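Structure, as structure tokens:
A short reminder: the numbers here are calculations on the coordinates, not readings from a lab. Computed from a predicted model, the values in this text were never measured in an experiment. FYI the Cβ positions are ideal-geometry reconstructions off the backbone, even for glycines, and counts take in every protein chain you see.
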Amino acid sequence: MASSSPASHTDTAVAPALPVVTPLSPLTGTVAHHFTVDVEEYFHVSAMEPHIRVAEWDGMESRLEPSMDRLLGLLDAHNAKGTFFVLGWIARKYPHIVRAIADGGHEVASHGTMHQRVTMLTPRQFRDDIREARQLLEDLAGESVIGYRAPSFSITADRLWALDILVEEGYQYDSSLFPIRRAGYGLRNGLRDPYWISTAAGPLLEVPPTTLRRAGQTLPAAGGAYFRLFPLGIFRRAFQETGERGHPGTFYIHPWEIDPDQPRVAGIPLTTRIRHYGGLGRTFSRMERMFFEFRFTSIRENYGSVLTLSARPER
């Protein structure tokens, strides 16, 4: 865990500078893609922020454990490993879930503490959030936590200072820079395959979610609502083409996306209802089809040889 040294210059907002990036060399042999899970409850979703206050979270019905059991069971059935980006709030409330992930040989990574989008945080607040989450997760998993994914992929072009802070806090890779154009997130013209970012604090491996390039447009093809609502063929083709380039694709899902019986939140707009509840009943069967066609593993398993993997520090 990074020490609690005095804050660096990145604790005050500075004008963003485009980092120097270096593409990773293709992997050799048959490529195993990344299966990743953002471990959070249905009421943590950013679109629910106007309708569910943080003070209400503890009183909300939890739906997490059955979905996590199904996801871990799916991985076990296919002898696969995954990367689980766990919310610090989840780790504090359900420590046994973090231990079950680690005991299953999967990678425990960080999703921050309170599911606050980076676009809503100051550098100081961001540092505190990712530091707290990493400490919670390392204490439970018993190993170093080296990966991070921002809630709602919210490291945007004007929040690139977050990459420096990640390195300063001991993270070695990020999976937040979605190379698409979308309101609220996305890094337009970002690289589509894994690459090194040269930050002021040191190198950071970026593992972007999978996309498909067609007709001059970059289409999201990694998971989430896209996976539930778009034709499955888009995702199959995207992962096939990524593998042909010698790089792993990165798939993502949330536990609530395989739970069609979750409580409905009243008063949310139609677009949010479609995006959040659409296709929930077919998500799991679609994932099973992907597992029959592609091999999956964790990010740490694929890139451990190029990262400086340190043992969990003593506290």
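For V39, the residues whose amide H sits under 5 Å from its own are F85, V86, L87, ignoring neighbours fewer than 5 places away on the same chain, with H placed 1.01 Å from N. A compact globular protein would have a Cα radius of gyration near 2.2 N^0.38 Å; the ratio found for the chain is 0.93. Does the range 28-175 come out rounded, prolate or oblate, given a ≥ b ≥ c as the square roots of the eigenvalues of its C-alpha gyration tensor, rounded meaning a/c under 1.5 and, failing that, prolate meaning a/b above b/c? The shape class here is oblate.
The alpha-carbon atoms of the range 179-267 define a convex hull whose volume equals 159 cubic angstrom per residue. Put simply, the amide H of L212, placed in the peptide plane, has neighbours under 5 Å in L219, A221, leaving out anything fewer than 5 places away on its chain.
Of the residues L270, L229, L160, the one that moves most in a GNM of the chain with alpha-carbon contacts below 10 Å is L270. Going by Cα centres, the range 14-69 and the range 173-247 are how many Å apart? Distance between centres, Cα-based: 14 Å. As a check on your grasp of the helix formula, calculate [θ] at 222 nm for the chain: sum -39500 (n - 2.57) over DSSP H runs of n ≥ 4, divide by the residue count, round to the nearest 500. It lands at -9000 deg cm²/dmol.
Antiparallel beta bridges, as assigned by DSSP with both residues in the range 16-304, represent about 40 percent of the total such bridges. Rounded to the nearest whole Hz, the Karplus-based 3J(HN,Hα) values (6.51 cos²θ - 1.76 cosθ + 1.60, θ = phi - 60°) of the range 131-142 follow the sequence 5, 4, 4, 5, 5, 4, 5, 5, 4, 7, 7, x, with x at glycine and proline.
Based on the mean of other beta carbon atoms within 10 Å per residue, what is the order of 290-303, 68-81, most packed first? Intermediate results must be reported in sequence, preceding the final value.
On the way: 290-303: 19.5, 68-81: 16.4.
The packing order, highest mean first, is 290-303, 68-81.
Computed from phi, the 3J(HN,Hα) profile of the range 21-38 under the Karplus parametrisation 6.51, -1.76, 1.60 (θ = phi - 60°) reads 10, 9, x, 7, 5, x, 6, 9, x, 5, 7, 9, 7, 8, 9, 10, 10, 8 Hz, with x in place of Gly and Pro.
For the range 166-172, the Karplus equation 6.51 cos²θ - 1.76 cosθ + 1.60, evaluated at θ = phi - 60°, returns couplings of 4, 5, 4, 8, x, 6, 10 Hz by residue, with Gly and Pro reported as x. Highest-first packing order for the peptide set 127-137, 214-224 is 127-137, 214-224, based on the mean count of other beta carbon atoms within 10 Å.
The residues neighbouring G105, those whose beta-carbon lies less than 14 Å from its own, together hold a net charge of -2 under the Lys/Arg +1, Asp/Glu -1 convention.
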